[in-house]
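S.K.: Here's a structure for you.
The values are calculated or read from the model by the stated rules, or taken from the named source; none is laboratory data. On a predicted model such as this, the values are computed, not experimentally measured, just so you know. So basically every Cβ, Gly included, is an ideal-geometry build from the backbone, and we count neighbours across all protein chains shown. These area figures cover heavy atoms from the full protein model, side chains too; ligands, DNA and RNA do not enter into them. Shrake-Rupley method; radii C 1.70, N 1.55, O 1.52, S 1.80 Å.
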Amino acid sequence: MLAVPNWSRIYTGKVHDVYAPIHPLAHSGNEVILLVTTDRMSVLDRVLPTIIPGKGEIVNAISEWWFEQLADVASHHYLSDEVPPTVKDRAMVVQRLRMYPIECTVVGYMTRSVFADYERSGRFHGMTLPSGLNIGDELPKPLFCPSIKAAVGDDDEPISFERMEEIVGENVADGLRDMTLDLYEAANEIAIGKGLIIADAKLEFGSSSDAGDEKFVFADQAFTPDSATYWIADERQAGDPRSFGKEYVRDAVEAEVVAWIQGSGPTPQIPADVVEEMSARYRYLKATLLGSTHIREIK
């Protein structure tokens, strides 16, 4: 783990490391933390030993950009990119929050993972979908699919909206759902303007550490390729568009990861060509969204 001057690591997640200020007075008491995005890759909620070089900087930059783009839609936790040199370009200073224990997934298009359930039952996440849909199709309306966020190494648990209401209360559940859908629709409109589509996304929210403050604050990652599935808009019409997100790596190693989880296989390694292509796809998204001209050709 990185040693960050004046900050102490307090949590290690699947992708992020979280640091608190050693000298609270230098950073407004305990109201801020340092969120460092690593090059780690997780598949099926397990962290793989193979990293994707440069991923941390890309994911961090995309998050900062989206937080700023969507500031009129929702408050966010991003405060500053003035961070120590050891984590420059891969970290941000953010507001410290009480995080809601819900991962808010929104699905706007028929992805391959959704299609697997739909083909078997005509349903996804307990919701019935119209017949005749194919991979790449836009759904009649975006689906809100909550889950309970698990610890590192455990599976997130999909839950019904009614179960979500039991966990966080009806008002909070309604607010998180509405904010998730509002953010998704706004983000996808921006992405479409850049020739991309956000097929699905996972969002997280928190509220102020002040007791009784239930204001929803957009937190963690913001529509990064680690937390969302991107497509090139022109490819969607042909069906089964390429995934510019973690799905690409998951497809390459899922069988090995499942065997590993079940104890019947060795620790999976991401093949070198998949690492190279995943890195290229992440760079492509950053360049397309943020306007950089440095785009390497992708397969």
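S.K.: Going residue by residue through the stretch 167-189, is there one that turns out to be over 19 Å from the mean Cα position of the chain (by Cα), under 18 Å from Glu138 (Cβ atoms) and of a type in the set (A, V, I, L, M, F, W, C)?
M.R.: Within the stretch 167-189 (the criterion being over 19 Å from the mean Cα position of the chain (by Cα), under 18 Å from Glu138 (Cβ atoms) and of a type in the set (A, V, I, L, M, F, W, C)), the answer is no, since none of the residues qualifies.
S.K.: Give all pairs with beta carbons closer than 6 Å in which a residue from the stretch 156-181 that is more than 19 Å from Phe124 (Cβ to Cβ) and in a helix (DSSP H, G or I) meets a residue that is at pLDDT below 95 and not hydroxyl-bearing (Ser, Thr, Tyr); count only pairs at least 6 apart in sequence or on separate chains.
M.R.: Final answer for the pair search is Gly175/Phe216; Met179/Phe216.
S.K.: Being assigned to a loop (DSSP other than H, G, I, E, B) and among the small types (Gly, Ala, Ser) is the filter here; which residues of the stretch 245-293 pass it?
M.R.: Hits for the stretch 245-293 are Gly245, Gly263, Ser264, Gly265, Gly291, Ser292.
S.K.: Identify, please: which residue in the stretch 198-219 is acidic (Asp, Glu) and at pLDDT below 95 and is, among those, nearest to Ala173 (Cα to Cα)?
M.R.: Glu214
S.K.: Please verify whether Glu256 is of a type outside the set (S, T, N, Q), farther than 24 Å from Met164 by Cβ, open to solvent by 10 Å² or more (accessible area, probe 1.4 Å) and out of contact with any strand residue (DSSP E or B) (no Cβ under 6 Å at 6 or more places or on another chain), treating the condition exactly as stated.
M.R.: Here the answer is yes, as Glu256 does meet what is asked.
S.K.: Restricting attention to the stretch 87-99, which residues are modelled with pLDDT of 95 or more, within 16 Å of the chain's Cα centre (by Cα) and open to solvent by 10 Å² or more (accessible area, probe 1.4 Å)?
M.R.: Answer for the stretch 87-99, where residues must be modelled with pLDDT of 95 or more, within 16 Å of the chain's Cα centre (by Cα) and open to solvent by 10 Å² or more (accessible area, probe 1.4 Å): just Arg90.
S.K.: Could you grab me the full set of residues in the stretch 120-137 that are touching a helix residue (DSSP H, G or I) at 6+ places or on another chain (Cβ under 8 Å), in a strand (DSSP E or B) and open to solvent by 60 Å² or more (accessible area, probe 1.4 Å)?
M.R.: Across the stretch 120-137, the qualifying residue is only Arg123.
S.K.: Any residue at all in the stretch 76-84 that is at pLDDT 95 or above and in a helix (DSSP H, G or I)?
M.R.: Within the stretch 76-84, none of the residues are at pLDDT 95 or above and in a helix (DSSP H, G or I).
S.K.: Right, next: Is it true that Arg177 is touching a Phe, Trp or Tyr at 6+ places or on another chain (Cβ under 6 Å) and open to solvent by 60 Å² or more (accessible area, probe 1.4 Å)?
M.R.: Considered against the rule, which asks whether it is touching a Phe, Trp or Tyr at 6+ places or on another chain (Cβ under 6 Å) and open to solvent by 60 Å² or more (accessible area, probe 1.4 Å), Arg177 comes out as yes.
Yes or no, residue by residue, for (1) within 25 Å of Ile102 (Cα to Cα); (2) surrounded by 15 or more Cβ atoms within 10 Å (Cβ to Cβ); (3) without any contact (Cβ under 8 Å) to a residue 24 or more places away in the chain; (4) not hydrophobic (A, V, I, L, M, F, W, C):
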{"site": "Gln221", "(1), (2), (3), (4)": "yes, yes, no, yes"}
{"site": "Thr224", "(1), (2), (3), (4)": "yes, yes, no, yes"}
{"site": "Gln237", "(1), (2), (3), (4)": "no, no, no, yes"}
{"site": "Trp260", "(1), (2), (3), (4)": "no, yes, no, no"}
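S.K.: Hey, could you check the stretch 213-244 for residues that are among the polar types (S, T, N, Q) and in a loop (DSSP other than H, G, I, E, B) and say which is farthest from Val275 (Cα to Cα)?
M.R.: Looking at the filtered set, the residue picked out is Gln237.
S.K.: Still on this structure, please answer the following. Could you tell me whether Asp81 is of a type in the set (Asp, Glu) and crowded, with 18+ Cβ neighbours inside 10 Å?
M.R.: The answer is no for Asp81.
S.K.: Report every pair of residues separated by at least 6 positions or lying on different chains whose Cβ atoms are under 6 Å apart, first residue within the stretch 43-59 and under 17 Å from Pro271 (Cβ atoms) and in contact (Cβ under 8 Å) with a residue 12 or more places away in the chain, second in a helix (DSSP H, G or I) and open to solvent by 30 Å² or more (accessible area, probe 1.4 Å).
M.R.: Pairs found: Val43/Arg250.
S.K.: Here are some conditions: (1) surrounded by fewer than 18 Cβ atoms within 10 Å (Cβ to Cβ); (2) outside any loop (DSSP other than H, G, I, E, B). Ile62 meets all but one. Which one does it not meet?
M.R.: In the conditions (1) surrounded by fewer than 18 Cβ atoms within 10 Å (Cβ to Cβ); (2) outside any loop (DSSP other than H, G, I, E, B), Ile62 misses (1) alone.
S.K.: Another question, if that's okay. Of all residues in the stretch 68-78, count the ones that are exposed (fewer than 13 other Cβ atoms within 10 Å of the Cβ) and not small (Gly, Ala, Ser).
M.R.: Count: 2.
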